[in-house]
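First comes the structure, then the notes that go with it.
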Amino acid sequence: MQKISTQDMKHPKEIAFTILMVSWVMLFASLFLSYALLRFKETNWPPMGFESVSLLWPWVSTISILLSSYFLHAFSKFYDLKNIKKANKNLVITFLLGLVFLVSQKMLWSHMNEVGLVVSSGIFSSILHGFTWVHAAHIVMGLIGLCFLRKFYNNFGDESFQLRIKHVSHFWHFLDIVWILMFLTMFLF
Amino acid sequence: MTYAHGKHAAPTTFLSKYVFSYDHKVIGKQFLWYGIFFLGIGGMMALLIRWTLAFPGEAFPVLGPLLFPYTDGVVPPDTYSMLFTLHGTIMIFFAITPILIGAFGNYCIPLMIGARDMAFPLFNMLSFHIAVISGVLLLASLFTPMGGAAGGWTSYPTLSTLVGSPGSGQTLWCLSIFVLGVSSTMGAVNYITTVICFRAPGMGYFDMPLTIWGLWLTAILNAIFLPVLGAGVMLLTFDRVFGTTFFLAGAAATSGSGDPILFQHVFWIFGHPEVYILILPAWGMVSDFLSFFARKPAFGAKATALSMTTITILSTLVYGHHMFTTQMSPLLTQTFMTLTMTISIPSAILFANWLGTLYKGSIRFDSPMLFSLGVVFVFGLGGLTGLYLGTVSTDLYLHDTYFVVGHFHYTMAASVLLGGFAGTYFWFPKMFGRMMDEKLAKIHFWITMIGLNGVFMGMMVVGFAGMHRRLYNPFVYEFLEKLIPINKFITYSALLMGVGQLPFVWNFVYSLYKGKKAPQNPWEVGTLEWTIPSPPIHYNFEEIPTVKCGPHEFGNPNLKDGRDFQYQTEELV
Ligand code: HEM
Ligand SMILES: [Cu+2]
């Protein structure tokens, strides 16, 4: 069996994960680039006399995902301290907040449909709907990732499990940042 | 701590050995078969296209009446659009990519860097299976009620939106490309990680064969830019399926509508790196083969690797040269023109190094070498024609003519195809443990070379004369009628080239079963894959080799016992 000392080198999984993150950054960057080009083409934003979307549900999304990032961070801290109870609590709260985020997105879509911003009513609603779909789909992937952490209490000190926690967390925080950018550029301003 | 890798046991059943195999060598061969299968389909489509251009309104011989019974064997106009769309798509994404990157990447990377497998074998297997799903989606699109995609391999809106292509063919095309993007990204992650982490002890980056450099840079470009294409086809799918309007200009085209040009930006941000994704593996292989068969160290190998890297970086900055005619501001066109021209500097270094390697070499004209010399020739021609297209003033005339088609077939089709053949002839003994027949290989080379130059040179001539690409019957325009004879010549050349592939197919299949048994190192080169038996054992290396010198150590006067090369595992004499 080939053994490679990784003392002086990152773990292959870390390198692979970094590359995957670059791919995801490029995916969302392409979406933001498209958004920028479409928006700067218009003289008024929102175009076609649409009103901005009510900020209620976007705020709920923002707060829930910010909190979830906080609790996920707390989870990994308590995992390091081998505190099963607290770690478990934080992990469950993270997961629930992720669900709250998805529900608030669903409410946002319903709300937009109610005020006439249905998917097919022009570029403004295309962007709002399309980009939130893509992001929400990734949140679902993130939630699945969180499920893979649930057996943490059997894996204290296991290096590959520590990496798993690190990577799921990074992915989750990344989605958090993407949402904040979306919130700022698409809803707030 | 230590990291063990390649922990899977030798497979025993048929399924685990040939279908669900984790072994990079098997996955490489799977990609090879996959690519050759699609190469055949894409090639048949090319012949249908060429027939239509040379003999408009005449029935395609033999197969025509079977394929198009309603028109008595004549290729109908909508089918013609479908044919050139799928020809391009299949050749780029389903033939070149699987063969050059999937097959050679998988097969060669672990063997040439002295590893026992890829970093993530399971990921690697999934990458192939996902590629199969993608291929099935693409082929399925042909059987939808309104036929396959017909908006060109670039699938520009509005041709590719519901307005231009109703029906599910184009949607399946988008999904197929998206799925393939996922597969290739997974492969790329594997390649990059493997090269970074699993080089044999002692092998620095500049001790890697240039083949590995090419494949590695390609993987990096893939990981960065495939997601951009993914985003583009995803938004296009949303437009088609859910009714968004990202790429739809409204009737008034004033406010609140999408923008078809946006797709061109997204497509070419990916698309220009993509052309280098396709050529870099071939460049790497040719850089190695020229040295191997000239029995000389590669001239300026380090500079070759660095100029490939420079080209990789610059290739991300020039995509605008595909969009000079989209009413871009002159400031932008001039910028993109200048950046495009900048690529000639590293390209010229690369090319000069090839010639430097050949200079005063004791060249052996074995088939891999012939094909590599072919690449040098056709790539030189193709690269030069790029300059005329990269210059705004000439491109305004040449854009969307057959000159562009000639250009990219020289750089991409011809160079990559010849590079792929060179690689196949070179590694066939290692892959299957048997030799291919040299005589047939040489016949194959010369017919292919004559055929393809006839085709692509002809394309540049008719393009320069003003013949537009993608027209069903260009000769409805009077000024193009004079070009019918040249178009006939191109078609005959294409037929010749098609026939020229028969010796290859025969040679390949025959040698697979009946070829002469291959020795361990038939070409007498020193890279790591030739230090082990042909074909290699399940784990490649009994013991992980230690690398002590570079891959191109030829003709060292200190070498003893009649050898003119040394293995990478030997101390430099
Ligand atoms: C050597 C430097 C090169 C330059 C300056 C160059 C320049 C250009 C330009 C300006 C165009 C756009 C022409 C038009 O549509 O009006 C073009 C098209 C194209 N080039 Fe190149 N090129 C170069 C090398 C390559 C290489 C190495 C490849 C592939 C391996 C390649 C593949 C293509 C393809 C596929 C297209 C056309 C795509 C399409 O419109 O369908 N080029 N090139
Ligand atoms: Cu280009």
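The values are calculated or read from the model by the stated rules, or taken from the named source; none is laboratory data. Keep in mind the model is a prediction, meaning the values are calculated, not measured. Neighbour counts run over all protein chains shown; Cβ positions are idealised from the backbone, glycine included. What goes into the accessible areas is simple: the full protein's heavy atoms, side chains included, and nothing from ligands, DNA or RNA. Shrake-Rupley method; radii C 1.70, N 1.55, O 1.52, S 1.80 Å.
What the table shows:
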item: When residues of segment B:259-271 are limited to those that are part of a helix (DSSP H, G or I) and more than 14 Å from ligand 2 (Cβ to nearest atom), the one nearest to B:I349 (Cα to Cα); result: B:V266
item: Of the criteria (1) open to solvent by less than 20 Å² (accessible area, probe 1.4 Å); (2) modelled with pLDDT of 75 or more, which one B:G6 fails; result: (2)
item: Yes/no for B:G382 being under 30 Å from B:N507 (Cβ atoms) and within 16 Å of ligand 2 (Cβ to nearest atom); result: yes
item: Residue among B:A103, B:A149 that alone is open to solvent by less than 10 Å² (accessible area, probe 1.4 Å) and modelled with pLDDT of 95 or more; result: B:A103
item: Top-ranked residue of segment B:369-397 - restricted to ones that are more than 14 Å from ligand 1 (Cβ to nearest atom) and under 27 Å from B:M459 (Cβ atoms), ranked as most open to solvent (accessible area, probe 1.4 Å); result: B:F377
item: Per-region count, segment B:311-338, residues away from ligand 1 (no atom under 11 Å from the Cβ), within 14 Å of chain A (Cβ to nearest Cβ) and either exposed (fewer than 12 other Cβ atoms within 10 Å of the Cβ) or in contact (Cβ under 8 Å) with a residue 60 or more places away in the chain (or both); result: 3
item: Selection from segment A:114-131 of residues that are away from chain B (no Cβ under 12 Å) and not aliphatic (A, V, I, L, M); result: A:E114, A:G116
item: Residues of segment A:24-50 classified as of a type outside the set (A, V, I, L, M, F, W, C) and facing chain B (nearest Cβ under 8 Å), total; result: 7
item: Count - residues of segment A:137-189 that are among the polar types (S, T, N, Q) and over 21 Å from A:N88 (Cβ atoms); result: 1
item: Subset tally (residues that are closer than 21 Å to B:T154 by Cβ and within 13 Å of chain A (Cβ to nearest Cβ)) for segment B:194-233; result: 12
item: Candidates B:M449, B:M431, B:M436, B:M459 - the one that is surrounded by 18 or more Cβ atoms within 10 Å (Cβ to Cβ) and within 16 Å of B:V404 (Cα to Cα); result: B:M459
item: Within segment A:79-101, tally of residues that are open to solvent by less than 40 Å² (accessible area, probe 1.4 Å) and either over 19 Å from A:T132 (Cα atoms) or aliphatic (A, V, I, L, M) (or both); result: 6
item: Those helices (runs of 4 or more DSSP H) lying entirely in segment B:272-358 with at least 3 residues more than 16 Å from ligand 2 (Cβ to nearest atom) and among the aliphatic types (A, V, I, L, M); result: B:301-314, B:344-358
item: Residue among B:A119, B:A54, B:A115 that alone is at pLDDT below 95 and more than 24 Å from B:H538 (Cβ to Cβ); result: B:A54
item: Filter result for the condition that a residue is out of contact with any helix residue (DSSP H, G or I) (no Cβ under 7 Å at 6 or more places or on another chain) and away from ligand 1 (no atom under 15 Å from the Cβ), over B:K482, B:K442; result: B:K482
